Amino acid sequence: MTTAYNKCLESKDNLGCNSNIAVGAPTTLCAKSGHCPGALLQDNVIGNNKAYYIPNHSTANKILEFSSLKNVENNETAADKKYQLPFTFSTGSAIVSDNHLYCVKYSTFELVKFNMETSSVVVTKALPQAGINPCSAYSYRDRCWYNQIDLAQDKTGLWAIYATPQSGGKIVLSKLNPDDLSVNVTYHTDIVKNKVGHAFMRCGKLYTTNQYDGPVVLNHIFDLITGITKSVSILLYASTTYYVDYNPRTQKLYAWITKNKHTQATFSILQLHTA
C-alpha cells in the first residue's frame, strides 16, 4: 500500500469514517408494491436521485431504474427505464458507480462492467483465484448460499470480496481498477466467509454481519491499514436482512428486509462521539 493511500485513509478530513458507529432505524421503500425482494442500488459517485432496483431473489438479468427512492416498486411498467443484460448475474453482488453497473456473472469467476448509458458490456475480467463452490459464499442459516464473489465500493475504491481454497475459506479483499477490473492490491483477513451473513466496505474497513436471521448485527471490522480484525456487536436490524451494502456518496446502508413483508430499506449510519 502506498504512503499516499495510507494518508487518505487516516486523514482527519475524511469525515464520518470513525468505526464507533450505530445504525439508525430503517426507512422502508416499495410502499405501493408491498413486496420487493432483491437488491436496491444508487450510484456511488454520480450525485443524482436515481434508484436502481433488481427485482429477483438471487439471480437476475434486468434492472429497473426509477427517478428517486420513493418511486421504487416491483413493477416494470412503473419504472422510468429498464436495462436488459445479455447474461445472468448474482443479485447481491452488484453496485452502480459513475453510470456503470459492476456485477458478477452468476456462478462464474467473471466480473463485468456494464455501461448503463449505452446498455453495453465495457469489459469482462476473470478473477480465477476466487472460489465459486457453495462454501465460498456467505452463510444462510448455517448453509452455504449465494454471492461467492461480492463487489463493494467505498471512498478508497472498488473492491472484490471473496474466498479462495488457499485462504481456507477466509475472506480475501482485492482492490480493483474500475477501468479494466484488474487487481491492484490484495489483503487477507482471518474472517471465514461462510460464517458471516454479508459484508461491505466503508472507509477502508471491511464490515461483516453475523447472519441473515435477526437480530442481525455488525460483528467484525477488518482494518486495511493495521490488518487487525475487531469484534463488535452493532445492531443492524431485528429481523431477517439480505444484501447489505454501503454507498459512500449517500453514506447509508441498503438492504432487503423481511419483517412482516419483503421490502427494501435504507439505514443511516450514526457517528458516535469518541471519549
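Here the simple spin-label model places points 7 Å from the Cα toward Cβ, and for Thr226 and Gln166 these points are separated by 2.8 nm.
Across the chain, the mean sequence separation of Cα contacts (distance under 8 Å, 6 or more residues apart), normalised by length, yields a relative contact order of 18 percent. FRET efficiency for the Ile46 to Val192 pair, using the beta carbon distance and R₀ = 30 Å, is estimated at 0.25. For region 210-222, backbone phi angles converted through the Karplus equation (6.51, -1.76, 1.60; θ = phi - 60°) give residue-by-residue couplings of 6, 5, 9, 6, x, x, 8, 10, 6, 10, 9, 10, 9 Hz, Gly and Pro being listed as x. Taking amide H as placed 1.01 Å from N in the peptide plane, Lys62 has its amide H under 5 Å from the amide H of Leu85, each at least 5 places away in sequence or on another chain.
Rolling a 1.4 Å probe over the heavy atoms of the protein chains gives the chain an accessible area of 42 Å² per residue. Please work out whether region 206-268 counts as rounded, prolate or oblate from its C-alpha gyration tensor, where a ≥ b ≥ c are the square roots of the eigenvalues and a/c under 1.5 means rounded, while otherwise a/b larger than b/c means prolate and anything else oblate? Here region 206-268 falls in the oblate category. Apply the a/c threshold of 1.5 to the C-alpha gyration tensor of the chain and tell me whether it is rounded, prolate or oblate. Rounded, because the longest to shortest axis ratio a/c is under 1.5.
When the Cα gyration tensor is reduced to axis lengths a ≥ b ≥ c, the ratio a/c is 1.5 or higher for region 45-204, and with a/b above b/c it is classed as prolate. In the chain, carbon and sulfur make up what percent of the accessible area (probe 1.4 Å)? Taking all protein chains in place, the chain shows 48 percent carbon and sulfur surface.
In the elastic network of the chain, a GNM with C-alpha springs shorter than 10 Å, the most mobile of Tyr162, Tyr138, Tyr237 is Tyr237. Multiplying the residue separation of Lys32 and Glu76 by 0.36 nm and subtracting their alpha-carbon distance yields 14.6 nm.
The values are calculated or read from the model by the stated rules, or taken from the named source; none is laboratory data. Just so you know, these numbers come straight off a predicted model, no measurement behind them. Cβ coordinates were reconstructed from backbone atoms using ideal geometry, including for glycine residues, and neighbour counts include every protein chain displayed. Remember, those area values only see protein heavy atoms, side chains included, never the ligands or the DNA or RNA. Shrake-Rupley method; radii C 1.70, N 1.55, O 1.52, S 1.80 Å.
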